[in-house]
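Down below is the structure, laid out as structure tokens.
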Amino acid sequence: MTTASDPYYSRTLDQWQAAKRVDPVAADAPGPLTTDEVWNYVRDGFLFAPELFSQSEVDEFLAEAESLAENWPAGQPGIIKEPDSDVVRSVFRLHKVSQLYNDRFFRDFRILDRVQQLIGTDVYIHQSRLNYKPAFDGKEFFWHSDFETWHVEDGMPRMRALSVSLFLTESHEFNGPLMLIPGSHETYIRCTGGTPDKHFERSLRRQDYGVPSRQALEFLLEGSSIVAPKGAAGSVVFFDCNTMHGSSGNLGPTPRINLFSVYNSLENAVTQPFCNRPPRPEYLAERAIVPLSDKKQK
Ligand code: 6CS
Ligand code: FE
């Protein structure tokens, strides 16, 4: 696709640019969220649901998270180490390896009903992962829009996806909580720089391309601010695919573990990447599309 026909081209100019989002933020489908909650999501680009899951559910999810990191089969793709050490930073494509997460989280009605209400169609999982943010060693995730990467490197056409992040440990000010810029989802930042070959092998440890410039961040922060939803394990953040977010390192003595799933509209399945590189591997961008509505778990 040419730059002219793609509203979300990026990494093609020498200067960063701010473009207006052209897709609606949320649909008006029926579901458990109140009108106010949907409205807040449309305004801010995220919604915080404290303690949506119970402590006993979280205990099981946490045991699974620890077991996955410890027993990841040698040679199975999808395990990422911290930038300066061999400590596990993330594991990916959990919807293909964890029955527990599939049955009790990814397809749980508390998640899927809300996701479908916001996206307005049936959905599938584009990506799933655990971020471990280990005690003392867990490094930052610099500011980014997930959509910029999913569009350029994975070929996701439009902004019809959202992320769900479940806190498996308490999120607090010392362990590098997720930070977001409310309202930033309305602006698409075109980044400078290209896409190096096999960029993903580096970017998941430390991202250097597809990140906004300092001036772009200042621009997004004019009239806005940084927020960090904090709270008990079991709390959930729903955030739009274009909301600018990041997190600092974990300087605390215990890990900060989050379980993520990314839902994309069935009408927005990935195509060829919007850069001159082959698509990223399927552990990062699912191409085996499984509609979720008939698999909902009550
Ligand atoms: O490259 C990706 O797809 C991703 N990277 C980051 C830093 N956040 C979202 C997603 O996992
Ligand atoms: Fe992200």
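The values are calculated or read from the model by the stated rules, or taken from the named source; none is laboratory data. Note that this is a predicted model, so its numbers are computed, not measured. Cβ coordinates were reconstructed from backbone atoms using ideal geometry, including for glycine residues, and neighbour counts include every protein chain displayed. To get the accessible areas, we keep the full protein, side chains included, count just its heavy atoms, and leave off ligands, DNA and RNA. Shrake-Rupley method; radii C 1.70, N 1.55, O 1.52, S 1.80 Å.
Summary table below
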| quantity | calculated |
| --- | --- |
| Cβ-placed point charges (K, R +1; D, E -1), dipole of the range 1-109 about Cα centre in debye, nearest 20 | 580 debye |
| Dipole magnitude (debye, nearest 20) for the range 179-298, charges at Cβ of Lys, Arg, Asp, Glu | 400 debye |
| Stokes-Einstein D (µm²/s) once Rh is taken as the Kirkwood radius of the range 9-168 over alpha-carbon pairs, at 4 °C in 1.567 mPa s | 72 µm²/s |
| Dipole axis of the chain (+1 Lys, Arg; -1 Asp, Glu on Cβ), positive-most option in Gln127, Ser248, Ser225 | Gln127 |
| Helix-only [θ]222 nm of the chain, DSSP H runs n ≥ 4, -39500 (n - 2.57) each, per residue, nearest 500 | -5500 deg cm²/dmol |
| Distribution of pairwise C-alpha distances over the range 192-298, 5 Å bins, in % | 2, 7, 13, 18, 19, 18, 14, 7, 2, 0 |
| Order of exposure, largest accessible area first, which applies to Cys275, Cys191 with probe 1.4 Å | Cys275, Cys191 |
| Cα coordinate range in the range 136-266, projected on the principal axes (Å, largest first) | 38, 34, 28 |
| In order through the range 233-249: 3J(HN,Hα) via Karplus (6.51 cos²θ - 1.76 cosθ + 1.60), integer Hz, x for Gly, Pro | 4, x, 7, 10, 10, 9, 9, 5, 5, 10, 6, 5, 8, x, 7, 7, x |
| P(r), alpha carbons of the range 110-163 - 5 Å bins starting at zero, rounded % | 4, 14, 21, 20, 18, 14, 7, 2, 0 |
| Residues whose placed amide H lies under 5 Å from that of Asp108, excluding near-sequence neighbours | Gln297 |
| For the chain: rounded, prolate or oblate by the Cα gyration tensor [a/c cutoff 1.5] | rounded |
| Given charges at beta-carbon only (K, R positive; D, E negative), |dipole| of the chain in Debye | 500 debye |
| Separation of the Glu218 and Glu282 label points, Cα + 7 Å toward Cβ, nm | 4.6 nm |
| Lys pairs under 23 Å by Cα in the chain, provided they are eight or more residues apart or on distinct chains | 12 |
| Two-site FRET efficiency, Gln55 against Lys295, from Cβ-Cβ distance with R₀ of 30 Å, rounded to 0.05 | 0.70 |
| P(r) weight above 11 Å for the range 36-85, C-alpha pairs, percent | 78 percent |
| Candidates Asn71, Asn258, Asn102, ranked by Gaussian network fluctuation over the chain, Cα under 10 Å, top entry | Asn71 |
| Stokes-Einstein D in µm²/s, Kirkwood radius over Cα pairs - the range 245-298 at 25 °C with 0.890 mPa s viscosity | 163 µm²/s |
| Dipole-positive endmost among Phe46, Tyr8, Val58 within the range 1-75 (Cβ charges, Cα centre) | Tyr8 |
| The chain, relative contact order [Cα under 8 Å, separation at least 6], % | 34 percent |
